[in-house]
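Data block below; observations after.
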Amino acid sequence: MNVDRIIQFDVLRTIALGMILVCHFVRSIGFHRLDIPLGCIGNMIFFVMSGWLLGLAWDGKHHPVYGWQFLKRRLLRLAVPLWLFAIPYMIWFKASGHSLTAKDAFLNLALCNWFARIPGMTPYWFITAITAFYIAVIALSRVKRQESHPFVVASILVISAILIQVSLSLCGIRYGYICVMMLCGALAFLNANRLLSFIGKRITSRIICGAITAAVILFIAFWWLVCDDIIIVGTPVCYYSTIPIALLITMLVFALPDYIKKIHACTFLSSISYEVYLVHAAMLIWTKPVSDNIAIYATLFFLGSFLAAILLHYASSVVAKLMRRRDA
């Protein structure tokens, strides 16, 4: 991978993290007109980035066939920070008089968080989704080795996502859009170098990408102002209109000039983004009762989330080093 492009991924991860934090914050104060679009865009960026980075790493490692060792490394990266935070949190949650079943506790610790609903841990559905995506990457790595019919593979993936969406919708399940996020991540994995080559073209293509991005954002913003259905949970407009915005934001970030390489804060925030994600929902619960003033509440929430994430990040690093030393 071109080292000069790493900062762009850090910037994207920071943007996506900020969107998700703002999404859940504005939801907590009852301003629902922003939360769903922001959350969907942030989640889409994360899924595309996951597939893209895995695809670039796969190409850089001379096309290995991913298997159990790949999955083990990825799951430990998810599980260690999760356990370090979730176990103390659930102990506090139970000690505070809240209802906590053994089933929900187990589901959260087993990366099946999607099926558990514990306040302060409800956004963890993403962990289950990304775990499923890592399992899918094992199969995708075998498909990618063939390099024979990429358009056939893409067509199969698209048709599969549509069929899953229709099936889930008929069953009354509103999470079908996650299949589309996983589809975009899969396509990014399969076409990682092609995507990097396209986005990295000269200034003309960058200007075109920027213009298209601005046009789409303005269109969706106008739609958002005049159409109510974009904020109703489960409506196609609400979820799917954010997909092109997320993809075009990705292109726009890569079109930014070289001065973004000096934004070291993005590199740091990118390194703790998973830990921020883990602690931020609990921080909403802990900080909201402190003050009715939205400014104070926001300050405590964002500052508390970042400080707690830093502690969790370094604790996770220590545990990871101990595990590597033991394996050696």
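Considering every residue within the stretch 29-41, establish whether at least one is in a helix (DSSP H, G or I) and either of a type in the set (Val, Ile, Thr) or touching a Leu at 6+ places or on another chain (Cβ under 8 Å) (or both).
Scanning the stretch 29-41, I find at least one residue that is in a helix (DSSP H, G or I) and either of a type in the set (Val, Ile, Thr) or touching a Leu at 6+ places or on another chain (Cβ under 8 Å) (or both), so the answer is yes.
Please go through the stretch 296-315 and give me each residue that is open to solvent by 50 Å² or more (accessible area, probe 1.4 Å) and touching a residue at least 40 places away in the same chain (Cβ under 8 Å), ordered by number.
Residue satisfying the conditions is 302 alone.
Can you tell which of 95, 16, 116, 110 is more than 23 Å from residue 319 (Cα to Cα), at pLDDT 90 or above and over 18 Å from the mean Cα position of the chain (by Cα)?
Going through 95, 16, 116, 110 in turn, the sole match is 95.
Of the residues that make up the stretch 59-66, is at least one at pLDDT 85 or above and in a helix (DSSP H, G or I)?
Checked the stretch 59-66: no residue is at pLDDT 85 or above and in a helix (DSSP H, G or I).
Any idea which residue in the stretch 21-57 is modelled with the lowest pLDDT, counting only those that are of a type in the set (Phe, Trp, Tyr) and over 17 Å from residue 123 (Cα atoms)?
Checked the stretch 21-57; the qualifying residue modelled with the lowest pLDDT is 31.
Consider residue 133 carefully, then state whether it is more than 24 Å from residue 182 (Cα to Cα) and crowded, with 19+ Cβ neighbours inside 10 Å.
It is false that residue 133 is more than 24 Å from residue 182 (Cα to Cα) and crowded, with 19+ Cβ neighbours inside 10 Å.
Do you know which residues across the stretch 20-70 are open to solvent by less than 30 Å² (accessible area, probe 1.4 Å) and of a type in the set (D, E, K, R)?
Hit for the stretch 20-70 is 35, nothing else.
Consider the stretch 241-262. How many of its residues are under 12 Å from residue 11 (Cβ atoms), open to solvent by less than 20 Å² (accessible area, probe 1.4 Å) and at pLDDT below 75?
1
For the list (1) open to solvent by 20 Å² or more (accessible area, probe 1.4 Å); (2) in contact (Cβ under 8 Å) with a residue 40 or more places away in the chain, I need the number of the one condition that residue 325 fails.
Among (1) open to solvent by 20 Å² or more (accessible area, probe 1.4 Å); (2) in contact (Cβ under 8 Å) with a residue 40 or more places away in the chain, residue 325 violates only (2).
Among the candidates 233, 290, 276, 318, single out the residue that is of a type outside the set (S, T, N, Q), in contact with a helix residue (DSSP H, G or I) (Cβ under 7 Å, 6 or more places away or on another chain), open to solvent by 60 Å² or more (accessible area, probe 1.4 Å) and at pLDDT 75 or above.
Sole residue among the options that is of a type outside the set (S, T, N, Q), in contact with a helix residue (DSSP H, G or I) (Cβ under 7 Å, 6 or more places away or on another chain), open to solvent by 60 Å² or more (accessible area, probe 1.4 Å) and at pLDDT 75 or above: 290.
In the set 107, 82, 100, which member is among the aliphatic types (A, V, I, L, M), assigned to a helix (DSSP H, G or I), open to solvent by 20 Å² or more (accessible area, probe 1.4 Å) and closer than 22 Å to residue 280 by Cβ?
107
The values are calculated or read from the model by the stated rules, or taken from the named source; none is laboratory data. None of these values were measured; they are calculated from a predicted model. As a convention, Cβ positions derive from the backbone with ideal geometry for all residues, glycine included, and neighbour counts pool all protein chains shown. When the accessible area is computed, the model is the full protein with side chains, heavy atoms only, and any ligands, DNA or RNA have been set aside. Shrake-Rupley method; radii C 1.70, N 1.55, O 1.52, S 1.80 Å.
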